[in-house]
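This report concerns only the one structure given below.
The values are calculated or read from the model by the stated rules, or taken from the named source; none is laboratory data. No experiment lies behind these values; they were computed from the predicted model shown. Cβ: placed from backbone, ideal geometry, glycine included. Neighbour counts: every protein chain shown.
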């Protein structure tokens with residue numbers, strides 16, 4: 001594995017290996033005073049974020065630092081990126097400057113794929129930290145890690161992904177990964193927020209959250225982005241919340257063991273009731289915690305092994 | 001990853017220790033540990049056995065059982081994976097991590113006996129010492145190995161050695177343990193021509 | 001004077017010889033040298049044994065980028081690409097910088113074309129000022145200029161306002177002109193990146209729905225019928241548009257339509273790599289659209305092939321998908337793609353190729369001396385094609401300055417051997433004859 005660009009087509013065995021590594025790392029570091037492993041000493045990891053995202057960038061940065069990699073953050077504001085340098089030139093510059101891995105967040109779908117293409121033959125790997133509406137593979141991996149921890153296994157579990165599936169890279173990555181790991185996935189959204197051709201995805205589709213809740217093992221609430229609220233995808237935030245928000249009443253329809261996930265940042269009240277978000281059955285802070293271990297595992301799998309023959 | 005199966009007898013393979021030899025050797029090592037650490041005597045320092053996966057872990061458990069049998073002292077056992085501390089990670093294909101499990105009471109101020117199957121270059125033990133430093137602060141560290149095959153590359157020696165085996169670098173020492181391989185035995189094998 | 005020996009007209013019948021004199025086809029017949037030409041001393045003889053003679057191709061839709069983006073194409077390099085591709089006339093779209101929305105710019109383009117002299121370069125006039133879709137450009141002035149503009153288009157942008165479109169259609173009736181519409185309802189294609197379908201959805205690319213094209217084509221056909229004006233539909237890309245065109249033509253609408261070579265061959269399967277060389281507007285559609293378009297072209301529901309030749313600089317393509325400019329090169333590959341997608345599968349014969357690449361586009365644009373029959377007394381404006389040769393496309397070897405061909409590395413059938421414009425050889429064996 002040289003790049004992690006998407007969960008689409010990711011070998012389930014490979015995904016499981018990453019989750020196992022994350023699990024081991026989590027247990028290894030549990031309760032330790034010094035949370036630092038020497039594993040990636042001398043390796044240079046660059047995070048390149050063309051969109052603001054404190055949580056993902058910090059998570060990757062902590063993961064890299066706990067593995068002793070040198071982590072350098074490039075943000076679109078404070079570098080030549082802001083001066084109109086092309087993505088390609090920036091990537092080649094970072095590679096030439098010694099980056100072993102570039103972690104990229106970009107508003108254009110496919111940006112990470114393009115980057116991997118341009119870096120072909122340079123030895124620099126690429127991790128997709130979210131590209132447009134395409135994928136966010138480490139988010140799906142950390143969701144899977146959290147679900148596995150809470151539910152024991154993912155195979156055979158019924159998981160709903162609720163909300164703006166159309167624009168969500170988190171949803172796409174989760175659909176690929178969770179179904180590859182054997183889960184039944186149901187997408188719950190208004191038709192305006194479902195992608196074209198969703199019938200051909202290995203999922204079922206519903207517009208009735210209440211009807212789905214009693215049979216679920218987990219429910220993953222998606223973020224409704226502010227710009228979508230005014231895009232005419234649904235009449236009003238209030239109506240959305242009534243139909244697709246995880247209210248306290250809806251929460252009682254879930255089975256006792258069911259887990260609530262949210263990739264954050266949350267819109268309390270509209271997407272999810274505060275009491276639900278703060279309940280012990282919500283795994284939202286665990287998701288963040290697991291995010292670090294999953295990203296450490298990803299760094300380990302991408303950077304620790306021998307370089308593949310060119 | 002499934003454990004590598006070290007099973008079928010190979011004509012290029014020479015038996016160094018039979019199943020009976022392995023049992024006797026481990027028993028002798030258990031006695032040596034009791035003696036050298038003054039286990040069972042009043043005021044002895046707490047002892048912890050930490051096996052290095054994969055084969056050091058069951059060895060450590062067997063030693064602990066025998067120590068309990070011979071001395072009535074219950075010795076806590078754990079496992080210490082050193083993969084994340086290896087200095088040769090980039091020279092080999094990616095490997096899965098094994099479990100690190102420390103005893104409930106931790107290892108601070110204990111006498112830690114590291115247990116491994118084969119002592120060769122010493123690099124594994126150096127990595128284990130690094131890993132140990134991150135896991136706690138033992139009072140002292142000792143090393144127990146079933147086989148010492150020589151060719152040290154670092155100033156490391158074992159405190160307890162089951163069997164010293166002179167080898168050439170082209171040879172491999174295979175340790176089989178019932179827990180992982182279905183049977184006990186130690187074999188010497190010439191590496192196939194590559 | 002030139003004697004073309006052993007060529008098959010429209011790929012039909014026995015080989016004949018063509019004698020070209022003073023830019024006109026003087027004689028056609030077997031073994032001309034033995035008879036009428038024996039007394040002629042200055043005859044250049046062209047061995048065209050096994051070649052197919054077709055009327056010179058006419059492209060209603062190119063972007064020659066001059067003025068404005070001479071780093072990607074000029075009228076000179078674009079003319080060279082056209083001649084090498086077998087073209088004798090091309091229409092240069094109005095989305096230059098400055099926009100060709102006035103007589104000065106269109107005359108400049110027309111004059112540059114004449115100076116280069118490899119193909120007839122006909123400027124397309126913008127329908128609206130600055131391609132903004134608001135106010136009609138001075139269509140009449142452009143029509144009466146030296147450039148003699150008859151085709152008007154805001155290509156790149158849709159004339160979306162129905163009232164502006166209606167007025168444009170009506171107004172051009174007096175000019176004997178035609179409005180070539182880039183059919184794209186802009187409200188349905190905000191941020192659109194790729195054909196709205198399963199593939200784009202999976203890749204997270206905002207969709208360009210087929211209905212955005214079809215609804216405008218339907219609306220414009222109704223307006224054309226109502227006003228009695230002529231409408232030309234640019235780059236038809238969907239099966240639904242073909243249905244609309246069929247319906248409109250059946251009820252007597254004066255509508256014509258073009259399809260590009262890339263929409264006859266490529267599909268949205270190309271999206272998977274995110275390589276923007278495959279980004280084009282309208283986007284690459286599905287396999288079933290491609291099939292319907294091929295059949296519609298063969299049947300005549302879609303009248304002709306136009307390349308939408310759109311050169312782009314490397315930095316405008318070697319970037320992330322959404323930042324890339326849409327468009328692809330087409331002039332030098334068009335014939336081969338038509339042969340690959342229609343002639344080889346048996347949908348079209350060489351006479352059909354002459355129809356869709358020369359006669360129909362000349363008729364739509366009202367060109368009196370292009371797309372003429374291969375007959376004595378007609379202009380010697382023709383293309384000689386080797387139907388059996390194959391070639392491999394290399395962007396760097398094409399005559400355009402830009403190299404953005406989506407057919408890179410593909411081995412294609414049919415090679416243009418000679419292009420002749422009114423008796424003058426403009427391209428021969430892959431070389432431009434300046």
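For the reader, a short list of remarks on this structure follows.
- Candidates A:13, A:17 - the one that is more than 30 Å from residue B:137 (Cα to Cα), outside any loop (DSSP other than H, G, I, E, B) and facing chain B (nearest Cβ under 9 Å): A:17
- So residue C:242, is it touching a residue at least 40 places away in the same chain (Cβ under 8 Å) and either within 14 Å of another protein chain (Cβ to nearest Cβ) or crowded, with 23+ Cβ neighbours inside 10 Å (or both): yes
- Out of C:90, C:106, sole residue that is in the same structural domain as residue C:141 (by TED's automatic domain parsing), at pLDDT 95 or above, surrounded by 24 or more Cβ atoms within 10 Å (Cβ to Cβ) and closer than 19 Å to residue C:329 by Cα: C:90
- Test: residue in segment C:368-386 that is farther than 25 Å from residue C:93 by Cβ, part of a strand (DSSP E or B) and touching a helix residue (DSSP H, G or I) at 6+ places or on another chain (Cβ under 8 Å): yes
- Flag: residue A:263 matches the condition of being under 25 Å from residue A:172 (Cβ atoms) and touching a helix residue (DSSP H, G or I) at 6+ places or on another chain (Cβ under 9 Å).
- Taken together, the criteria place residue B:93 among residues that are surrounded by fewer than 21 Cβ atoms within 10 Å (Cβ to Cβ), out of contact with any helix residue (DSSP H, G or I) (no Cβ under 7 Å at 6 or more places or on another chain), within 8 Å of chain A (Cβ to nearest Cβ) and modelled with pLDDT under 95.
- Taken over segment C:198-219, the criterion of being crowded, with 22+ Cβ neighbours inside 10 Å, out of contact with any helix residue (DSSP H, G or I) (no Cβ under 6 Å at 6 or more places or on another chain) and in contact (Cβ under 8 Å) with a residue 24 or more places away in the chain is satisfied by C:200, C:205, C:208, C:216.
- Put simply, of A:93, A:138 the only residue that is surrounded by fewer than 24 Cβ atoms within 10 Å (Cβ to Cβ) and assigned to a helix (DSSP H, G or I) is A:93.
- Condition met for residue A:40 (in contact (Cβ under 8 Å) with a residue 12 or more places away in the chain, part of a loop (DSSP other than H, G, I, E, B) and facing chain B (nearest Cβ under 10 Å)): yes
- The set of residues in segment C:7-16 that are surrounded by fewer than 19 Cβ atoms within 10 Å (Cβ to Cβ), more than 11 Å from residue C:384 (Cα to Cα) and in contact with a strand residue (DSSP E or B) (Cβ under 7 Å, 6 or more places away or on another chain) contains only C:15.
- Picking from residues in segment A:147-179 that are more than 13 Å from chain C (Cβ to nearest Cβ) and part of a loop (DSSP other than H, G, I, E, B), the one that is nearest to residue A:218 (Cα to Cα) is A:157.
- Among the residues listed as A:144, A:99, the single one being in a helix (DSSP H, G or I), more than 10 Å from chain C (Cβ to nearest Cβ) and touching a residue at least 24 places away in the same chain (Cβ under 8 Å): A:144
- Subset of segment C:317-331 that is more than 10 Å from chain A (Cβ to nearest Cβ) and closer than 12 Å to residue C:402 by Cβ - its residue that is surrounded by the most Cβ atoms within 10 Å (Cβ to Cβ): C:329
- Among residues that are more than 18 Å from residue C:152 (Cβ to Cβ), outside the structural domain of residue C:421 (by TED's automatic domain parsing) and assigned to a loop (DSSP other than H, G, I, E, B), residue C:115 is not included.
- Test: residue in segment B:58-72 that is within 14 Å of another protein chain (Cβ to nearest Cβ), farther than 19 Å from residue A:23 by Cβ, buried (at least 17 other Cβ atoms within 10 Å of the Cβ) and in contact (Cβ under 8 Å) with a residue 12 or more places away in the chain: no
- The numbered conditions (1) assigned to a loop (DSSP other than H, G, I, E, B); (2) buried (at least 24 other Cβ atoms within 10 Å of the Cβ) are all true for residue C:358 except (1).
- Considering A:62, A:58, the condition of being touching a residue at least 24 places away in the same chain (Cβ under 8 Å), within 18 Å of the chain's Cα centre (by Cα) and away from every other protein chain (no Cβ under 14 Å) is satisfied by A:62 alone.
- Annotation: residue A:106 fulfils all but one of (1) in contact with a strand residue (DSSP E or B) (Cβ under 7 Å, 6 or more places away or on another chain); (2) more than 9 Å from every other protein chain (Cβ to nearest Cβ); (3) touching a residue at least 40 places away in the same chain (Cβ under 8 Å); the unmet one is (2).
- Residues in segment A:230-251 that are free of Cβ contacts under 8 Å to residues at least 60 places away in the same chain, over 15 Å from residue A:219 (Cβ atoms) and not in a helix (DSSP H, G or I): A:230, A:231, A:232, A:234, A:235, A:236.
- Against the list (1) within 14 Å of chain A (Cβ to nearest Cβ); (2) crowded, with 19+ Cβ neighbours inside 10 Å; (3) modelled with pLDDT under 95, the condition residue B:105 fails is (2).
- For segment B:130-150, a residue qualifies if it is buried (at least 16 other Cβ atoms within 10 Å of the Cβ), closer than 27 Å to residue B:27 by Cα and out of contact with any strand residue (DSSP E or B) (no Cβ under 6 Å at 6 or more places or on another chain), and exactly one does: B:132.
- Residue in segment C:17-39 that is in a strand (DSSP E or B), out of contact with any strand residue (DSSP E or B) (no Cβ under 7 Å at 6 or more places or on another chain) and farther than 30 Å from residue C:132 by Cβ present: yes
- Condition met for residue A:130 (within 14 Å of chain C (Cβ to nearest Cβ), within 30 Å of residue A:93 (Cα to Cα) and out of contact with any strand residue (DSSP E or B) (no Cβ under 6 Å at 6 or more places or on another chain)): no
- Filter pass, residue C:46 being within 24 Å of residue C:336 (Cα to Cα) and at pLDDT 95 or above: no
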